[in-house]
Amino acid sequence: KASQLQGRTVQDLLMAEELVGNDYGDTDSARTSAQEIFIRSLETLAPINFDVEVERQGQRLWLQTLATARRSPDGGATFNGVWLDVTAAKHQEMALAEAKDIAERTAQEKAEFLATMSHEIRTPLNAILGLTQLALKQHLEPTQRERVEKMQRAGHRLLRVIDDILDFSKADGGHLVLEHTSLQPHQLLADVAELFVETTKNKGLTL
């Protein structure tokens, strides 16, 4: 389209509903916004590039306006440009934005679930650890003491697993802080092996 505004002032353009009016939406705010964009281009000769939702033949469409302004010798201006139907691209953009929003909400709900679950498990686990600690203060047979100590160590390992789960929720929320810490591989392997000693023994296997 080419809209010629020969001899028009900026104030004239504000009132030029027949030139920048119903073509740019069915709401006052949409039309006013389009008018302001054309006025700025008229004053600065900056290129025009904006999208607006309109109704055409009972259908909602998104139109992109690409235009440039050029001064006329008589002081007026000429806008030369095109309208592009960008409805499909807009719908894809909105679908991607909705999918992103759903993914973010899902991640947030998962983090909240993990945090709640971890705290719910931690409560009875702390009770178990407390009872094993009290039991170890009593006089126990060597075999009994060994079993209670294994229960206590297994409980502390489970507590660390719960802390790791909470770290996942912190990572999702962007609150995870990395730290440097010492590692004893032999002790780590011994702790893992201890978890399976009884099971392998019952099956006649050696771990």
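Here segment 82-207 is treated with +1 on each Lys and Arg Cβ and -1 on each Asp and Glu Cβ, and its dipole about the Cα centre works out to around 700 debye. Anisotropy class assigned to segment 152-207 is prolate, per the alpha carbon gyration tensor with a/c at or over the 1.5 cut-off and a/b larger than b/c. Largest accessible area first, the listed residues VAL82, VAL148 line up as VAL82, VAL148 when surface is computed with a 1.4 Å probe on the assembled protein chains. Amide hydrogen proximity for LEU195: with H placed 1.01 Å from N in the peptide plane, no residue at 5 or more positions away or on another chain lies under 5 Å. Of all alpha-carbon pairs in segment 86-207, indicate the percentage at a distance above 18 angstrom. Beyond 18 Å sits 71 percent of the P(r) for segment 86-207. By the helix-only formula, in which each DSSP H run with n ≥ 4 contributes -39500 (n - 2.57) and the sum is divided by residues, the chain has a 222 nm mean residue ellipticity of -20000 deg cm²/dmol. Under the simplified labelling scheme, the LEU205-ALA99 pair shows an inter-label distance of 4.4 nm, with each label point 7 Å from Cα along Cα→Cβ. Please say if segment 33-88 is rounded, prolate or oblate, where rounded means a/c under 1.5 for a ≥ b ≥ c the square roots of the C-alpha gyration tensor eigenvalues, and otherwise the choice is prolate for a/b larger than b/c and oblate otherwise? The shape class here is prolate.
Note on the chain: with a GNM built from Cα contacts shorter than 10 Å, the maximum mean-square fluctuation among SER169, SER182, SER29 falls on SER182. In a DSSP loop and with at most 11 other Cβ atoms within 10 Å, the trypsin sites (Lys or Arg not before Pro) in segment 105-147 are LYS137. The Cα atoms of the chain define a convex hull whose projected area, averaged across directions, is 23.2 nm². Restricting attention to segment 102-207, lysine pairs at least eight places apart or on different chains and with alpha-carbon atoms under 28 angstrom apart total 4.
Cross-link reach is defined here as a Cα-Cα straight distance under 25 Å, omitting same-chain residues fewer than 8 places apart; for LYS90 the lysines meeting it are LYS1, LYS100. Separation of segment 38-96 and segment 111-134, taken as the distance between their Cα centroids, equals 60 angstrom. Shown here for segment 148-194: GluC sites (Glu not before Pro) in loop regions (DSSP other than H, G, I, E, B) with at most 10 other Cβ atoms within 10 Å, namely GLU179. For ALA77, what residues show an amide H to amide H distance below 5 Å, using hydrogens built from the backbone and excluding near sequence neighbours? For ALA77, the qualifying residues are LEU5, GLN6, GLY7, ARG8, SER72.
The values are calculated or read from the model by the stated rules, or taken from the named source; none is laboratory data. The structure presented is a predicted model; accordingly, all values stated were derived computationally and were not measured. All Cβ positions, even for glycine, are placed from backbone atoms using ideal geometry, and neighbour counts span all protein chains on display. Only protein heavy atoms, including side chains, enter the accessible area calculation; ligands, DNA and RNA are left aside. Shrake-Rupley method; radii C 1.70, N 1.55, O 1.52, S 1.80 Å.
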